Amino acid sequence: MVTLNGRPNITRNGVDLNAVKLPKLEVLDPFDIKPLPGQIRRQFFGIAELAQSILAAGQATPIIVRKISNEKYPFGLIDGERRLKACCTVKRAVIAVIHDGEMDLADVHALSVAANFGRQAHDCMEIAKAVERFRESGKKWREIQAIFGKSSTWVLQHWSLNKLHPDIQNWLVPGAIPILSNGRKKITDEDGSNERTSLGSKRIRARMNFTIALQLVNLPQEEQLKIAKRLVGTNMSLAEARRIVLKQARKKGSFKPSTSPAEWRSSMLSLANRTSNGAGIFNDMKGGEFASIFNGSSKSELTKIYIALQRAEEEIKLICMAVNKEIEKGNPR
């Protein structure tokens, strides 16, 4: 059977392949496109990085425009303002789809929001696997850096996540559980890799923190898993978790400092200022105000606070003594 437009009537798996009209791609001068008036998005980040990525790897996704009656601009933007701005920045032609329907500004705004809403950024493990594939294909680090439009540190940090135990890699994916589209919990793609599909909101947090995971990469995988199991599912602060990881790494002799002495000193000063200012908030309270904090408290709760404050005092004292010892040595310039 042939349809009215002359194309064969093709249906596969119950899907009418003629129901969707294939848009025509055009190459346009980015300066001929008028930005969307009343754009919902007010801030555009990473334009320079995106521009470098487009120069290195090309424009992966076309922008969407419409024809308008304007003396200066023959086209008006519907979706893709970051890509448009990036192409304008480096004076590169932009790939576009021209929307052929009649639209008023309200329709344009609705389509723009719909195009942007719910877009999912790549999680850190998807980035890690992409970097790994680029390396396997022979790309140099600077080429990979240009593709992502990121620093060499960013690229190397993500690549290092491939050293993690597979369970920890999975914990780095927000809300991910191994599942197929039919609901079965079997997990292999055609290439044998695991498929992780998130059910529900993409806002579900990953079980493992990216910064903590970076601290684990230099440990043996079994040791990684042992430590990670202590951290996952707890309300432990980032600082607490980082301390446990670093302490274990030093004990195993696998600690590799990635922080310079100057950065450690800056961190120490920042800690002192935060602690001082944080404690100062309570010490600045007048008697009645301070006393009201303890209304409804239990003895066990107050004991917990007291022990934590004592522990903090002891830790700070040890640092103070060490710094003072260096001052007395006369070594600092």
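Having 1 or more residues that are modelled with pLDDT under 80 and surrounded by 11 or more Cβ atoms within 10 Å (Cβ to Cβ) is the bar; report the helices (runs of 4 or more DSSP H) wholly within the stretch 206-319 that clear it. Quick ask: steps written out before the conclusion?
Numbers: elements: 210-216, 221-231, 238-252, 261-283, 287-292.
Helices (runs of 4 or more DSSP H) meeting the threshold: 238-252.
Close Cβ contacts (under 8 Å, 6 or more residues apart or on different chains) running from residues in the stretch 290-305 that are in the same structural domain as G280 (by TED's automatic domain parsing) to residues that are assigned to a helix (DSSP H, G or I) and of a type outside the set (F, W, Y) comprise F294/L302. A search for C-beta distances below 7 Å between a residue of the stretch 160-173 that is more than 13 Å from L225 (Cβ to Cβ) and without any contact (Cβ under 8 Å) to a residue 60 or more places away in the chain and any residue that is crowded, with 17+ Cβ neighbours inside 10 Å and among the β-branched types (V, I, T), counting only pairs 6+ apart in sequence or on different chains, returns S160/V217; L161/V217. Here A19, A60, A56 are screened, and the one residue that is surrounded by fewer than 19 Cβ atoms within 10 Å (Cβ to Cβ), part of a loop (DSSP other than H, G, I, E, B), at pLDDT 85 or above and hydrophobic (A, V, I, L, M, F, W, C) is A60.
The values are calculated or read from the model by the stated rules, or taken from the named source; none is laboratory data. These figures come from a predicted structure and were not determined experimentally. Backbone-built Cβ (ideal geometry, glycine too); neighbour counts: all protein chains shown.
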